[in-house]
Amino acid sequence: MEIIASKKLLSTKEACEWASSFLGRAISETNISYLIQYGKVKKYGKNGSTQIHINDLKNYYQSFNGKREVEWKKKLGNDLNWSLSFDSLREKDTTKHVHRLHPYKGKFIPQLVEYFIDSHTDNFKQQTFFKKGDIILDPFSGSGTTLVQANELGIHAVGVDISRFNCMITDTKLLDYDLDLLIQDIKNINLAITKFETDAKIQEFEEELYFELSKFNNKNFPSPDFKRKIYKKEIDENKYSITKEKEFLAIYNELVKKYKIELKQEKNKSFLDKWYIKNIRKEIDFAFEQIKKIKDEKNKRVLAVILSRTIRSCRATTHSDLATLKEPQTTTYYCWKHKKICKPLFSIKYWFGRYANDTIARIKEFQKIKNGAYWVTITGDSRTVDIAKEIKSRSKEFYNLFEKQKIKGIFSSPPYVGQINYHEQHAYAYDLFGFERNDELEIGPLYKGQGQKAKNSYVEGVSQVLLNSKKYLAKNFDVFLVANDKWNLYPKVAEKAGMKIVNQYKRPVLNRTERDKNPYSEIIFHLKPKI
């Protein structure tokens, strides 16, 4: 390290070693490459040689890591628990194995669950709330983060969610598979999609469009120099991007005209009609028909989830608006995420193949560490569902264990008031699979707003969920609820549910998909029975 510290220009490997030593935690070459790619540090070197100046690296880490905590605490308060930011983790850690089998807006990272329910977590506050063999409940289970993490830790789990599609995602993550058969079924479907042709003009059109885009972006948005100029505020990104977006749009329109590409579908009634370019819609319908022919029901479900993940990525929208759709995007546009001109998608083939391979790898990884714990997912309203009856109908062994020891506690993240329409975020899947929607039973959905009536309804809804859940909990239970409680609603929730808040942990939320990157926090409330 002394030799490296004395140098001014470092290779990516040397930069990785220096940064790891400087920060006292593992920094990979991928992390360093990201800093270069997104203009956080300047790239030196020619002829394929990449070097970074040690001062650039030092300035970045000093300003970003140290000052970020200080700045966030200035805006959000000194009670911010920075250890719960998990800022030392890489994305591959926070999206490990099946946790990234399908996107889901509003989910928490698995490390947050692990921190509170793993009895072996070294940095916990001396107290253990759950142990291997306990049963845990998530009455707002979403895409199953709590259930998956509990399974990894040998804790039995019950998940309840009003959305059938959410439960389908969770089941897919937790099921046991004949891996050889699954791999073969996935390969067969992938091959069929790859061979399927709807419009011969699409391939020629895309090849010429790629060529023109590459030429235009290399000239006007050279990477990483352009990103570096934005980072250093040497360029007005908004004005520059508007001008260049218009320039390329003229080229795009000429190509669409030349190849006679049909962008919009004839109908505009359903989500699938509105948000997909005509060629993609044809490929989606073909792929789904092939999946229906799969004999193994579990494999059929996995393939359906892969297709759902694929078509989510293939919606006619910008990369920045994938999480929250605005208007269908059928033309090229300046991409705020990638800092260049991007295009809509015209085929699902690349993404289906990529996600198919990724899914196999993730299921394989999780199969190795699964801990044999029982689990049940229930599609239903957590305010009224009979959890005991549902467990009994799925597994006699699990029901016997439940009868003996009851559920030790809850780890869950209830919906936030007026932020997400949970069914609508997967509208494409509901359209494709024909699932019944229960939007009217959602608690705190976006469409109900954030007025006083909505807040009162939210308090009533969450407290009813807790009251119903209490019927199935052990006497001295522990409840952990992750919430953004800017209106101080949870003391009322606890009171109505006959519980008391015994502790709370305020954590910064660092990795958000939205363009709004302002400091943001959430609270983990610890509730106990009210004596």
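The values are calculated or read from the model by the stated rules, or taken from the named source; none is laboratory data. All values reported here derive from a predicted model rather than from experimental measurement. Cβ atoms come from the backbone with ideal geometry, glycine included; neighbour counts cover every protein chain shown. Each accessible area value is taken on the protein alone, full model and side chains, heavy atoms only, with ligands, DNA and RNA left out. Shrake-Rupley method; radii C 1.70, N 1.55, O 1.52, S 1.80 Å.
Key figures
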quantity	calculated
Apportionment of accessible area to carbon and sulfur, the stretch 141-295, percent (1.4 Å)	50
Per-selection metrics, the stretch 332-481 (Cα): Rg and Dmax in Å	20.6, 61
Cut-off of 10 Å, at most 16 other beta carbons, DSSP loop: longest stretch of the chain lacking such GluC sites (Glu not before Pro)	1-196
Under the span-like rule (Cα at least 18 Å along the axis, Kyte-Doolittle mean at least -1.0), DSSP H helices of the chain	179-195, 237-259, 278-292, 297-313, 349-369, 452-470
Cα-based reach from K8 at 20 Å (exclusive), listing lysines while leaving out same-chain residues under 8 positions away	K40, K42, K43, K46, K58
At R0 = 30 Å, FRET efficiency that the Cβ-Cβ distance of R354 and D225 yields, to 0.05	0.60
Accessible area of the stretch 318-463 belonging to carbon and sulfur atoms, whole % at 1.4 Å probe	48
With eigenvalues of the C-alpha gyration tensor scaled by 5 and rooted, the stretch 362-425, Å	25, 21, 12
Lysine pairs within the stretch 371-474, Cα separation less than 14 Å, 8 or more sequence positions apart or different chains	9
Additional length obtainable on full extension of the chain from E69 to A474, 0.36 nm per residue less Cα span	141.9 nm
Surface accessible to a 1.4 Å probe, F525 within the full protein complex, Å²	10
Rounded to the nearest 10 Å², the accessible area of M168 at probe 1.4 Å	20
Convex hull of Cα atoms in the stretch 186-344, direction-averaged projection (nm²)	11.2
Lysines with Cα under 21 Å of K195, excluding same-chain neighbours fewer than 8 positions away	K187, K278, K282, K292, K293, K300, K349
Extended-chain gain in nm, criterion 0.36 nm per residue less alpha-carbon gap, N488 and K293	65.1 nm
Per the chain, cysteines lacking a partner by the 4.7 Å Cβ criterion	C16, C167, C314
Where labels lie 7 Å past Cα in the beta-carbon direction, separation of E234 and S20 in nm	3.2
log₁₀ of I(q)/I(0) at q = 0.09, 0.17, 0.19 Å⁻¹ - the stretch 135-268, Debye sum with one point per alpha carbon	-0.66, -0.92, -1.00
The chain - percent relative contact order, Cα under 8 Å, separation 6 or more	18
Spin-label zone in the stretch 257-277 - amide nitrogen under 20 Å from a point set 7 Å from the Cα of D285 along the C-beta vector	261-277
Whole-angstrom Cα spans of the chain along principal axes, big to small	69, 61, 51
In Å, descending, principal axis extents of the Cα set of the stretch 40-115	45, 36, 20
Segment T30-H319, length gained on full extension (0.36 nm per residue, minus Cα span)	101.9 nm
From phi via Karplus (6.51, -1.76, 1.60), per-residue ³J(HN,Hα) for the stretch 419-430 in Hz, x at Gly/Pro	10, 9, 8, 5, 6, 5, 5, 10, 4, 4, 6, 4
Accessible heavy-atom area order of S469, S83, S320, S393, highest first, probe of 1.4 Å	S393, S83, S320, S469
Largest to smallest accessible area among T146, T50 [probe 1.4 Å]	T50, T146
Separation of the Y38 and Y447 label points, Cα + 7 Å toward Cβ, nm	3.4
Per-pair calculated FRET efficiency, R0 = 60 Å: N400 and A250 via Cβ, rounded to 0.05	0.30
Accessible area (Å², per residue) of the chain, counting only protein heavy atoms and a probe of 1.4 Å	49
Helix-derived mean residue ellipticity, 222 nm - over the chain, DSSP H n ≥ 4, -39500 (n - 2.57), to 500	-14500 deg cm²/dmol
Per-residue SASA entry for K298, accessible area with 1.4 Å probe, Å² rounded to 10	80
